[in-house]
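What follows is one structure encoded as structure tokens, with my remarks underneath.
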Amino acid sequence: MPSKRFAQQAHVVEILADAISAHVCDADHAIDKILSGMGSLSDVDRAYVFQCRPGDIVDNTHEWCSEGTAPMIDVLQNMPMDIIAPWREGFERGEPLHVPSIDAFDLSPDLRELMAMQGIKGILLVPLQWDGSIVGFVGFDQVGVARPFSAEILRILIAVAGAVGTILARAAANREITRTKTELEEAVRQLRHLVMHDDLTGAPNRRAFHLAINVALENGERHQTETSVAMIDLARFKSVNEKYGHTEGDRLLSQIVQRWAVVSKSGVDIYRIGGDEFAVVLNDRDAESAMHDVIDRMRLALLEPFILGDQNTRIDMSAGLTVAPRDGTSAEVLAANADLAVLTSKVEKGRTCAYSPDLRKLALQRHETAQDLLAASPDKDFVVVYQPIVDLHTGAIVKVEVLLRWQHPTRGLLNPDDFIDVLCGLDQSRKVGRWVLETACRQVAEWNRRFSLDLVVAVNAFPLQVATYDFVLEVQSALYHSKLPVRCLEIEVTENITMQDGSLNLKVLKQLSDMSVAISLDDFGTGFASLNSVLQIDVQTLKIDRSFAFGLHPGDPRIEVLKAMRHMTKGLGIRSVVEGIEDEIVAGIVRDIGFDFGQGYYWSRAIDPESFAVLLAQDHASAMKYG
């Protein structure tokens with residue numbers, strides 16, 4: 001039965017482990033342990049070892065006998081090698097000899113007499129070899145009654161005989177034994193290192209990470225300190241693999257860990273727990289504050305660009321942390337909570353996020369939202385609305401931004417804030433984005449024909465759309481089927497799209513620019529890489545984030561910032577749009593600074609196509625308000 005076989009195998013492991021432990025000090029004692037253990041396990045009557053001696057003789061050097069079986073070790077000394085002559089050729093090939101019944105086996109008279117003298121009825125002989133030569137053999141005898149060995153016992157006995165041969169050979173000289181012990185110790189050391197460290201970077205791995213949490217928790221309980229666990233995700237690392245290949249991606253990971261070595265030298269271990277995922281464990285009186293300091297130093301180490309191929313590549317990171325005992329008291333709970341926190345950090349553009357119970361609720365909501373989005377049909381469950389973009393100096397509507405709404409089956413009509421972040425991470429965003437593009441191009445082309453306009457439509461692109469050359473084909477198709485001139489289409493992208501140096505994004509955007517499709521950079525001024533984003537791609541329009549216009553008033557210090565932005569756009573030959581204009585005062589300020597266009601509730605909220613058509617039908621010159 002399998003359970004019996006497994007028990008036998010477990011017993012063999014115990015016997016060998018015990019014998020190998022003894023072997024380091026005493027090979028003879030080790031062999032005696034093996035013979036005794038295997039003799040009892042295999043139900044034989046006698047187990048023994050013969051070793052070859054100079055002069056073509058063999059000696060019985062070790063023996064174990066069951067109770068009532070006569071020992072033969074003193075008798076079987078200085079035996080001629082001829083006793084194995086019938087089987088020598090097979091022994092030299094490493095083949096064991098199994099004779100279930102001596103009575104049915106063809107033996108020479110001398111051998112039959114020798115076995116009869118020992119009372120042998122069944123026998124198993126296993127040759128011992130070292131460096132291609134026979135150095136002896138191990139025997140297992142059944143005395144009195146022949147009991148054929150099972151296949152499993154035969155396999156085990158043959159394997160154990162090999163262990164005996166190794167011990168005998170290794171015991172030939174004390175120097176060899178010492179060397180073996182050293183090799184074993186080194187192998188154990190290397191194995192422990194491999195088990196606890198990442199092959200690629202040499203950083204401690206996930207196993208070491210979980211052990212470190214448990215040690216930190218024990219120290220925290222003993223010394224009344226806190227344990228903080230942080231999860232770190234590298235931003236845009238996938239795009240590096242896509243552009244440069246996995247070999248360069250692996251090299252980048254190694255370089256990152258090398259930079260973080262400065263942090264590690266202060267006694268902080270940084271664990272690699274996945275492809276581009278890392279972790280940190282701290283135990284301190286104020287662990288959360290200490291962890292924030294470590295994360296800040298890790299971010300600082302990434303500021304200098306990495307060189308991949310012949311290009312500079314910037315890598316940022318998202319970080320989430322949790323603290324024990326406040327957020328959990330086990331390694332599993334703390335790691336899971338830190339994972340939730342790092343997900344929130346990704347959504348909040350890399351800000352270090354500490355876990356709170358609300359995050360779990362938020363994670364559940366995001367999961368439910370994602371499931372509902374995956375089930376939604378772009379042309380049935382989504383609607384588009386339009387908001388005018390106005391020439392600040394004439395008051396005329398010159399552009400229109402198309403915006404997305406989701407008609408949720410139970411929650412009603414949802415604004416982008418309720419779902420757009422989740423949608424951006426789903427492949428479904430490609431389908432939705434394509435539908436928005438096609439719908440907007442058809443609609444604006446129809447308005448331009450009806451009202452004899454040259455209205456430009458600004459369409460927001462999802463990150464996953466811009467990550468593939470298919471987007472270029474989709475834009476070409478939308479323009480072709482709608483008959484909208486290419487000059488009337490503007491693709492809006494955000495900084496996070498333009499910052500993905502290692503991906504196809506920049507190449508895709510360049511192809512669109514080469515087609516004369518205008519590129520607009522949205523939400524300018526909200527991230528540290530804004531200026532770099534402007535230089536990375538051929539931007540035709542810069543949209544100043546609404547935070548610079550909301551509540552703006554004469555004497556506001558933000559006016560100087562806006563003047564600097566306008567000076568920059570003018571110098572670069574880029575058109576400018578100020579978002580979030582809600583009253584005449586703000587409209588007047590931004591117009592006087594010299595910005596080109598304005599967008600906001602002062603002129604109109606985002607409205608449905610029918611209402612927007614009414615807005616276009618009005619006399620622009622007399623109906624639009626401007627400063």
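The values are calculated or read from the model by the stated rules, or taken from the named source; none is laboratory data. Keep in mind that what you see is a predicted model, and the values were worked out from it rather than measured. FYI the Cβ positions are ideal-geometry reconstructions off the backbone, even for glycines, and counts take in every protein chain you see. To get the accessible areas, we keep the full protein, side chains included, count just its heavy atoms, and leave off ligands, DNA and RNA. Shrake-Rupley method; radii C 1.70, N 1.55, O 1.52, S 1.80 Å.
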Taking protein heavy atoms only, a 1.4 Å probe, and rounding to whole percent, the accessible area of the range 535-619 owed to carbon and sulfur comes out at 55
Relative to the chain, whose Cα atoms define the longest principal axis, helix 246-259 and its Cα axis are tilted in degrees, nearest 10, by 90
If every Lys and Arg gets +1 and every Asp and Glu gets -1 at its Cβ, then about the Cα centre the chain yields a dipole, in debye to the nearest 20, of 1700
Counting only protein heavy atoms and rolling a 1.4 Å probe, one gets per residue an accessible area for the chain in Å² of 48
For Lys33, the lysines lying under 20 Å Cα to Cα, once residues fewer than eight places off in the same chain are dropped, come out as Lys181
By the mean-Cβ-within-10 Å protection proxy, highest first, 247-260, 371-384 rank as 247-260, 371-384
Rounded to the nearest 5, the percent of antiparallel DSSP beta bridges in the chain equals 75
Simple spin-label estimate for Leu374/Asp269, 7 Å along Cα→Cβ, in nm, reads 3.6
Projecting the Cα atoms of Gly588, Pro557, Gly573 onto the charge dipole of the range 547-591, where Lys and Arg contribute +1 and Asp and Glu -1 at Cβ, the residue farthest towards the positive end is Gly573
Here the range 608-617 yields Karplus 3J(HN,Hα) values (6.51, -1.76, 1.60; θ = phi - 60°; whole Hz; Gly and Pro given as x) of 6, x, 5, 5, 5, 5, 5, 4, 5, 5
The set of residues whose placed amide H lies less than 5 Å from the amide H of Gly122, leaving out same-chain residues fewer than 5 positions away, is Ile102, Gln142
For the range 206-223, in residue order, the Karplus 3J(HN,Hα) values (coefficients 6.51, -1.76, 1.60; θ = phi - 60°; whole Hz; Gly and Pro = x) are 4, 4, 5, 4, 5, 5, 5, 4, 4, 5, 4, 5, 5, 5, x, 5, 6, 10
A correct Karplus calculation of ³J(HN,Hα) over the range 475-488, with 6.51 cos²θ - 1.76 cosθ + 1.60, θ = phi - 60°, whole Hz and x for Gly and Pro, returns 5, 4, 5, 4, 5, 5, 6, 8, 6, 7, x, 4, 5, 9
Computed over the chain: longest principal axis from alpha-carbon atoms vs helix 174-196 long axis, angle to nearest 10 degrees, is 20
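For a test of the definition: using alpha carbon positions, the gyration tensor, and the 1.5 limit on a/c, classify the range 106-163 as rounded, prolate or oblate. Write out the running numbers ahead of the final one.
On the way: a/c = 2.80, a/b = 1.32, b/c = 2.11.
It is oblate, given that a/c is not under 1.5 and a/b is not larger than b/c.
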Per the C-alpha gyration tensor (a ≥ b ≥ c, the square roots of its eigenvalues), the range 209-366 is rounded if a/c is under 1.5, else prolate if a/b beats b/c, else oblate; here it's prolate
Taking placed amide H atoms and a strict 5 Å upper bound, the residues 5 or more places from Leu414 or on another chain that come that close are Trp406, Gln407, His408
Toy charge model, Lys and Arg Cβ at +1, Asp and Glu Cβ at -1: the range 357-516 dipole around Cα centroid in debye, rounded to 20, equals 340
Going through Lys399/Lys543; Lys543/Lys570; Lys346/Lys507 one by one, the pairs whose alpha carbons sit over 21 Å apart turn out to be Lys346/Lys507
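Hey, what number do you get for the chain at 222 nm if only DSSP H runs of n ≥ 4 count, each worth -39500 (n - 2.57), divided across all residues, to the nearest 500?
Working: 25 runs with 300 residues, N = 627.
That comes out to -15000 deg cm²/dmol.
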Interchain or sequence-distant (5+) residues whose placed amide H lies within less than 5 Å of the amide H of Leu484 are none
In the chain, taking the dipole from +1 charges on Lys and Arg beta carbons and -1 charges on Asp and Glu beta carbons about the Cα centre, the listed residue (Gly37, Ala287, Thr541) farthest towards the positive end is Thr541
Matching label for the computed log10 I(q)/I(0) by the Debye sum over Cα atoms at q = 0.05, 0.06, 0.07, 0.08 Å⁻¹, out of [x] -0.46, -0.57, -0.67, -0.75; [y] -0.31, -0.42, -0.55, -0.68; [z] -0.54, -0.63, -0.71, -0.81, is [x]
By the C-alpha gyration tensor axes a ≥ b ≥ c (rounded if a/c is under 1.5, else prolate when a/b exceeds b/c, else oblate), the shape of the range 370-529 is rounded
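Suppose every K and R has +1 on its Cβ and every D and E has -1 on its Cβ; what is the size of the dipole of the range 198-261 about the Cα centre, in Debye to the nearest 20? Could you put the intermediate results ahead of the total?
Working: 8 positive and 9 negative charges, 39 e Å.
Using Cβ point charges on Lys, Arg, Asp and Glu, the range 198-261 gives about 180 debye.
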